[in-house]
Amino acid sequence: MAPTTIPAHVDDPVNAKILAVSEDRVQGFHREPLRTIAEQSEVELDTVITRIAAMLREGTIRRVRQTLMSTSLAPGALVAWRLPGERIKPAFEFMFREDPFSGHVVTRSTDRDTPGSDYKLWTTLKVPRPYDMEAHCRYLAERTGATAYKLLPAKKLFALGVGHVRRREIEPGDRTDEPGRVLDTEVVDLTEREWRVLTALKREFEPEELRPDPWAPRAQEAGETLEDFCAIAEDLTERNIVGRFSTFLEHYKQHRDGTRVTRYNALFHWRVPEGAEIRAGQEVGRHHCMTHAYWREGGPEFAGVNIMGVSHGTEKDRVLAHKAAIDEHLEAVGIPVEYTNVFWGGRSEIKPSEVSPFAYRDWCLQRGLDPEAMRA
């Protein structure tokens, strides 16, 4: 008898049930995260493990990992880069392949010439203390030929939490009953022992590592007993350093079965009156179509925008309808939209930004940089 092929696409009903939980509903550290997914999705544990492993092997899921609240671990920023046209592609490759501290690497364009539309490469950046983001960006600009860059650190984040599978059913204007939560971006200091646990905790899982007790090998890797490893991870969760256990879908690229989770990736910009930033961010953040929302100061390069957020969709008109609903909502609650824009995502690669100061020092030495010269 021929072996049964395990479905690995998002539209399979069992996979959809699993993903509706595993994308974003397993918040914090769980000693048996796959069992938690099984219980919440009402799918047998063995099936959850088999299906997630199959989707990971097929590329439907791009990674399985325990996320960290990286804003608590290292100063970070969204960075917009201006480059000559012929330098965009090699700069993209360098940021993605050679810089472990750049996470999202995305080309972006606008529908017409607008303030900032000549900044066509966008990255997220984390540079662990005591090292300096400006020094890091100067090095990247020198290596890539960038003629200008704009650091856009988040002053506040607005909590969101709807996975891509559930987001596909959202109607324009759908939002939570309450405004989004406001999250600060203060960085905390960790001990060397805590960094060892975090380093083991955050590493991506290979399909073969998915098991009911996935942390036992990681505890051994960190030089801890399983009980101590879990206790430290739980303490880090209480301190808002550990995020969620998550299966990250490959939502930009075409899957092997020809499907895509989403096609359009839009970075929305709004300028609201000074003093209204937090309230506006909360109102944007309550809309289910948004995957991220931040208070970032765009400065004159981007017409003074101060609220930014990302939304995804399979149809461009649908993405714009979601944005129009947010614009209307802001006006309806008394927050004038003084300026707005959309930067559309093109080519995109995503990887977790490295946040360890030990890794940063090693990277500097590997590239012939003096780590002391890269300090703040």
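Would you confirm, using the coordinates I've provided, whether residue 275 is modelled with pLDDT of 95 or more and touching a strand residue (DSSP E or B) at 6+ places or on another chain (Cβ under 8 Å)?
no
Could you run through the range 335-376 and say how many residues are aromatic (Phe, Trp, Tyr) and assigned to a loop (DSSP other than H, G, I, E, B)?
Of the residues in the range 335-376, the ones aromatic (Phe, Trp, Tyr) are 339, 343-344, 358, 360, 363.
When the remaining residues are screened for being assigned to a loop (DSSP other than H, G, I, E, B), the result is none.
Final tally of qualifying residues: 0.
If the Cβ limit is 8 Å and pairs must be 6+ apart or interchain, which residue in the range 25-48 that is free of Cβ contacts under 8 Å to residues at least 40 places away in the same chain pairs with which residue that is assigned to a loop (DSSP other than H, G, I, E, B) and surrounded by fewer than 15 Cβ atoms within 10 Å (Cβ to Cβ)?
That search, which allows pairs on different chains as well, returns 38/44.
Could you go through the range 55-70 and let me know if any residue there is within 21 Å of residue 199 (Cα to Cα), among the polar types (S, T, N, Q) and part of a helix (DSSP H, G or I). Lay out the reasoning, then the answer.
Taking the range 55-70 first, the residues within 21 Å of residue 199 (Cα to Cα) are 62-70.
If we keep only those that are among the polar types (S, T, N, Q) as well, we get 66-67, 70.
Right, trim to part of a helix (DSSP H, G or I) and you get 70.
Scanning the range 55-70, I find at least one residue that is within 21 Å of residue 199 (Cα to Cα), among the polar types (S, T, N, Q) and part of a helix (DSSP H, G or I), so the answer is yes.
Considering only residues of the range 122-148 that are out of contact with any Gly (no Cβ under 9 Å at 6 or more places or on another chain) and assigned to a strand (DSSP E or B), which is surrounded by the most Cβ atoms within 10 Å (Cβ to Cβ)? Working first, answer last.
To start, the set of residues in the range 122-148 that are out of contact with any Gly (no Cβ under 9 Å at 6 or more places or on another chain) comprises 128-132, 134-148.
After this cut, where a residue has to be assigned to a strand (DSSP E or B) as well, the list is 131, 148.
Numbers: 131: 22, 148: 12.
Within the range 122-148, the match that is surrounded by the most Cβ atoms within 10 Å (Cβ to Cβ) is 131.
When residue 107 is evaluated against the numbered criteria (1) more than 17 Å from the chain's Cα centre (by Cα); (2) surrounded by fewer than 21 Cβ atoms within 10 Å (Cβ to Cβ), which criterion, by number, is the only one it fails?
Of the numbered conditions (1) more than 17 Å from the chain's Cα centre (by Cα); (2) surrounded by fewer than 21 Cβ atoms within 10 Å (Cβ to Cβ), the odd one out for residue 107 is (1).
Determine, yes or no, whether residue 51 is surrounded by fewer than 18 Cβ atoms within 10 Å (Cβ to Cβ) and either at pLDDT 95 or above or out of contact with any Lys or Arg (no Cβ under 9 Å at 6 or more places or on another chain) (or both).
When the stated conditions are applied, residue 51 does not pass them.
Filtering the range 310-334 down to residues that are at pLDDT below 95 and outside any helix (DSSP H, G or I), which residue is surrounded by the fewest Cβ atoms within 10 Å (Cβ to Cβ)?
Among those residues, the one meeting the criterion is 315.
Which one of the conditions (1) among the charged types (D, E, K, R); (2) over 26 Å from residue 236 (Cα atoms); (3) crowded, with 16+ Cβ neighbours inside 10 Å; (4) touching a residue at least 60 places away in the same chain (Cβ under 8 Å) does residue 12 fail to meet, given that it meets all the rest?
Here residue 12 clears every test but (4).
Find the residue count for the range 341-376, including only residues that are farther than 23 Å from residue 203 by Cβ, surrounded by fewer than 18 Cβ atoms within 10 Å (Cβ to Cβ) and in contact with a strand residue (DSSP E or B) (Cβ under 7 Å, 6 or more places away or on another chain).
Total meeting the criteria: 5.
Just need a number here: residues in the range 56-88 that are within 19 Å of residue 137 (Cβ to Cβ) and among the basic types (Lys, Arg).
2
Any residue in the range 166-183 that is assigned to a loop (DSSP other than H, G, I, E, B) sitting within a Cβ distance under 7 Å of a residue that is modelled with pLDDT under 85? List the pairs, counting only those 6 or more apart or interchain.
180/159; 180/160; 181/159
The values are calculated or read from the model by the stated rules, or taken from the named source; none is laboratory data. Since this is a predicted model, take the numbers as computed values, not measurements. Glycine also receives a Cβ, built like all others from the backbone with ideal geometry; neighbour counts cover every protein chain displayed.
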